[in-house]
1. Using Cα pairs under 8 angstrom and six or more residues apart, how large is the relative contact order of region 133-242, in percent?
2. Running Debye on region 197-251 with equal point scatterers at the Cα sites and no solvent, what base-10 log of I(q)/I(0) appears at q = 0.25 Å⁻¹?
3. Let me check against my output: what whole-number percent is the relative contact order of the chain, with C-alpha pairs under 8 Å and at least 6 apart?
4. Could you tell me the ratio Rg/Rh of region 1-101? Both radii from Cα atoms, Rh via Kirkwood.
5. For region 20-79, give the share of DSSP beta bridges that are antiparallel, in percent and rounded to the nearest 5; count only bridges with both residues there.
6. According to a simple spin-label model (label point 7 Å from Cα along Cα-to-Cβ), what is the distance in nm between Lys121 and Glu247?
7. Which stretch or stretches of region 213-242 have amide N atoms under 19 Å from the point lying 7 Å from Asp14's Cα along the Cα→Cβ direction?
8. Go through Ser22, Ser130 and list them by solvent-accessible area, largest first, probe radius 1.4 Å.
Amino acid sequence: MMLMLKLRPEREKDLLSPQTISNDRGLTIDDHVDIYGNVRSRVLLPTGVTTITADFMVEDSGIWDPALPDLQQHRVEDLPNEVLTYLLASRYCEVDLLVEDAWRLFGSTPEGWARVAAIVKYAHERIRFSYPEALPTRTAFSAHAERVGVCRDYAHLAVTLCRCMNIPARYCTGYLGDIRIDPIPGPMDFSAWFEVYLGGAWRTFDARHNKPRVGRIMQAWGRDAADVAISTAFGSAGLKQFDVVAEEVPD
C-alpha cells in the first residue's frame with residue numbers, strides 16, 4: 001500500500017511535533033519523494049486488520065486565503081516549462097471533453113484572477129455536495145453532467161475548466177479544519193482544493209467552499225486525485241474505519 005499522509009516538504013519547517021505515522025502491528029513504513037515532490041510512504045500489509053495513524057501539530061499563519069484581483073494570466077508561450085504539465089488532460093480532468101463548454105462559458109470573461117474566480121463560482125454552483133453519492137470513478141466531465149459530488153469533484157471540474165482556458169492548474173489535498181467558521185455539518189475529512197499559476201506564482205482557490213479559509217495544511221499536489229490519493233492498495237483491501245481530526249490548538 002502507498003500512503004500520502006505526511007506534509008509537503010515546504011511545510012516541515014512549521015512542525016511543532018514530529019510527524020508520527022504509526023501502526024498497531026509493528027510494520028515498517030518507508031518514505032520516499034514522488035515526481036511532484038510529495039512525501040509518499042509505502043508499507044506491506046499482512047492479512048488481517050491493520051490500524052494506521054498519522055499525528056502531528058503544525059504552526060500555521062492564521063491568514064485567510066488572499067484575494068489578488070489584479071493578477072494577470074501568462075500567455076502559454078511565456079509559461080515556465082515546469083508548469084506546462086498542468087495544462088494537459090489527466091485521469092480525472094478531461095480537458096478535451098470540456099474545452100468547447102469552457103470557451104463558451106468563460107471566453108468573454110476578463111483574463112487572469114477574474115476568469116479563475118468565474119470558473120470557481122460556476123463549479124461551486126454547478127455541483128451539489130453529497131457524501132452518499134460520492135464515486136471514486138467520477139471525473140470532471142461526469143461531475144459536470146451529473147451535477148453532484150464531493151470536494152474532489154469540485155476541484156477536478158475547476159482544474160479542468162482552467163486548463164481549458166490555458167491557465168495551469170494543479171489539484172491539492174490536505175487538512176482544512178473548521179477554524180474561525182461555524183462547524184460544517186458531517187464528519188471531518190481530508191480536503192481538496194486547487195492552485196493556479198498566475199502572476200508568476202501558484203495561487204489558492206477552493207471551488208467546494210468558494211470563500212477564503214484559514215488553516216490549509218498542504219499534504220500533496222499533482223495533476224488530479226490519482227496522483228495524491230491518501231491510500232492506494234495493490235491487492236484486495238477494504239476500508240473498515242476512517243477518521244480525520246484537524247483542530248486549532250489554543251496558544
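1. Relative CO of region 133-242 lands at 26 percent.
2. So the normalised log intensities are -1.30.
3. About 24 percent, as a whole number.
4. When Rh is taken as the Kirkwood radius, the ratio is 1.09.
5. Just about 100 percent of them are antiparallel.
6. Label at Glu247, label at Lys121, 3.8 nm between them.
7. From region 213-242, the list is 213-222.
8. Ser22, Ser130
The values are calculated or read from the model by the stated rules, or taken from the named source; none is laboratory data. These figures come from a predicted structure and were not determined experimentally. Positions of Cβ are generated from backbone atoms using ideal geometry, with glycine treated the same way; all protein chains shown enter the neighbour counts. Quick note on the areas: whole protein, heavy atoms, side chains included, nothing else; ligands and nucleic acids left out. Shrake-Rupley method; radii C 1.70, N 1.55, O 1.52, S 1.80 Å.
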